[in-house]
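The values are calculated or read from the model by the stated rules, or taken from the named source; none is laboratory data. These numbers were taken from a predicted model, which means no experiment stands behind them. A quick note on method: Cβ atoms are made from the backbone with ideal geometry, for glycine too, and the neighbour counts reach across all protein chains shown. SASA here: full protein model, heavy atoms, side chains in, ligands and nucleic acids out. Shrake-Rupley method; radii C 1.70, N 1.55, O 1.52, S 1.80 Å.
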Amino acid sequence: MTLTLREVVFEDVEYFFNFMQDEHQLKQAAFTPKDPKNKTAFEQHWKKIIASSETNNRTVLVDGAVVGNVGRWMMDDIPQLTYWVGSQFCGLGYATESLRQFLEVESLRPIEARCAFDNQASIRVLEKNGFTIVTGK
């Protein structure tokens, strides 16, 4: 198994949209679109992300197949991490490894990550990459 990251191209957005249709993952996510089933809005959002100089996003590939995405965006001038791995690829270490690789190329620090308080899998991914839990922010 070879996991690599590459810049997001618009063709990847179809995969990202399909990954986001998983109801369980949507409930676990800290940030989701108003209407996750609105493909047109999702595509427009990603067109802005891809064109923006304020973000840094990568497609996660395993043996050449799209399995998710990882990136950095800004909130109140503080870099924020984001990542999503399709549910069929969860539990295989892809989120942990993609975040590890991304943090090697993303230079903005300090960098924060947010996840739902009950999303134990995401908390573990972050902890494995050196993050600590901070509550009450």
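Going through region 112-137 one residue at a time, which ones are open to solvent by 80 Å² or more (accessible area, probe 1.4 Å) and among the hydrophobic types (A, V, I, L, M, F, W, C)? Selection gives F117, I133, V134.
Screening N18 on (1) more than 23 Å from F131 (Cβ to Cβ); (2) modelled with pLDDT of 95 or more shows it passes everything except condition (2).
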